[in-house]
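What follows is a short report on a single structure.
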């Protein structure tokens, strides 16, 4: 139902639409993303449940940013997928959903997708001088870099972030 | 690295920075919060997470669907069965199968037992954090008994791995139901004792009332779910509004608070425990009515055949071998499955490309958006309030960092 409403109000915003096991999914264009989130917020999808990304290295554009919304009145759920190319950035939705803050930082950390106008676009779960983005498919499971593979005898604790920056 | 330092620039004279965690007795797990204080008032709380990051999602992409179940235990280690159930429901949704009725009832039963133990830990530890030690001792007796029951069913106290795709690892033993009935009587008594120690205790009220007040709008904007959202006044519980595991057929109520402060969350959790006991009683009644039956789906493409069939029939042996070596045939597609865990919505987002392991698996932990709002919640309040707020958020570092 929400998909028809979006098509009426924003023709061309929904690139593809699918329904699998009762999960509604729409694929939208990156340029319409912020406008779309604002629109569905007005339509009642006010709880941003989850934001994550998926890496498809063979595909162009390479990433999908996947956002799950929930309508607390009708209990409908909606999955919005935004294809993002490598090196491209995507607008942050923290202005609409404050809870998106950490989810976006995590996507930046683990996939390397930057979010525009995010209040604090830094790494979240990995440490600040970590090299690489672990959830990309080309990042090997054992860590990949020399620091992870060799016993250098140095402790990471020596480089920890200072208290006052 | 010093744990306390002073900012001495001209604008912020006398501001003190306190490094709370990553290892602190009242930091639940390994949390680090960098607090900027003016006197005893918090000006800024800057959480830093990731000390328990184990790359669960990356590991999941390299494990088979069944092998991921033990990792779900280690997400929220206070309520492992709720994670087990949430995960297998997601895989079952992807496969389009449903487990047998007896398994569904047992899943609800153990889920609610675990919910009680999770709430007990939350309330007990919250009380200990702010200095009320005795309530903890009363309710941890019940928690211990619940863990004994879980040990009896799953063979493990904490890392249960009790569910399997399409059902359960095994049926509950015969002694389970009488012991569980005794436990319910005991549990009600101990929760009453805990309430008599806390609910009308003026010190407890002083330390918790008005701490971390949130409106429903704020809570929704921050992505709150579970008791923290209900304490703000929104009766949103996935067991009611988007029922799974036949929760719509059980009779129970959803308690709500009004202000969303620590005291309201305590009351909501206390009442939820009583409602969970009500559900457990209904489960026991249904188990007696339904009688013995299979607890795992009768489809050897998904679930392992029984051992005697493997040892005596060639078909059973082939099915066992195929399932272990080759794995299940999973359709391509993506599902998001949400369940009501003890602390809110626990979601699993699985993308399958038809292979042996998921193409992408993502866990949506309930406490993650809740903890991200700590600065807005605690700003301007006392350092002592920070501890009671942190305890009532019920943060489990295992699922926070994944």
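Looking across A:81, A:98, one residue alone is within 11 Å of another protein chain (Cβ to nearest Cβ) and in contact with a helix residue (DSSP H, G or I) (Cβ under 6 Å, 6 or more places away or on another chain). It is A:98.
The residue list B:62, B:84 contains one member that is assigned by TED's automatic domain parsing to the domain that holds residue B:151 and either at pLDDT 90 or above or in contact with a helix residue (DSSP H, G or I) (Cβ under 7 Å, 6 or more places away or on another chain) (or both), which is B:84.
A quick yes/no check of all residues on (1) in contact with a helix residue (DSSP H, G or I) (Cβ under 7 Å, 6 or more places away or on another chain); (2) assigned by TED's automatic domain parsing to the domain that holds residue B:82; (3) in contact (Cβ under 8 Å) with a residue 40 or more places away in the chain:
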residue	(1), (2), (3)
B:299	no, yes, yes
B:308	no, yes, no
B:332	no, yes, no
B:335	yes, yes, yes
B:351	no, yes, no
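Conditions (1) within 12 Å of chain B (Cβ to nearest Cβ); (2) free of Cβ contacts under 8 Å to residues at least 12 places away in the same chain; (3) within 11 Å of the chain's Cα centre (by Cα), marked per residue:
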{"position": "A:40", "(1), (2), (3)": "no, no, no"}
{"position": "A:47", "(1), (2), (3)": "yes, no, no"}
{"position": "A:51", "(1), (2), (3)": "yes, no, yes"}
{"position": "A:61", "(1), (2), (3)": "no, no, no"}
{"position": "A:72", "(1), (2), (3)": "yes, no, no"}
{"position": "A:89", "(1), (2), (3)": "no, no, yes"}
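For the range A:8-26, check the following and say yes or no: at least one residue is within 12 Å of another protein chain (Cβ to nearest Cβ) and farther than 25 Å from residue B:240 by Cα. Within the range A:8-26, one or more residues are within 12 Å of another protein chain (Cβ to nearest Cβ) and farther than 25 Å from residue B:240 by Cα.
Considering the range B:24-118, the qualifying helices (runs of 4 or more DSSP H), each wholly inside and each with 2 or more residues that are more than 15 Å from residue B:340 (Cα to Cα) and within 14 Å of chain A (Cβ to nearest Cβ), run over B:56-60, B:80-95.
Taking the criterion of being away from every other protein chain (no Cβ under 12 Å) and over 10 Å from the mean Cα position of the chain (by Cα), the residues of the range A:113-131 that qualify are A:116, A:117, A:118, A:121, A:129, A:131. The set of residues from the range B:222-245 being within 12 Å of chain A (Cβ to nearest Cβ), in a helix (DSSP H, G or I) and surrounded by fewer than 23 Cβ atoms within 10 Å (Cβ to Cβ) comprises B:238, B:240, B:241.
The values are calculated or read from the model by the stated rules, or taken from the named source; none is laboratory data. Since this is a predicted model, take the numbers as computed values, not measurements. Don't worry about glycine lacking a Cβ; one is built from the backbone with ideal geometry, like all the others, and counts go over all protein chains shown.
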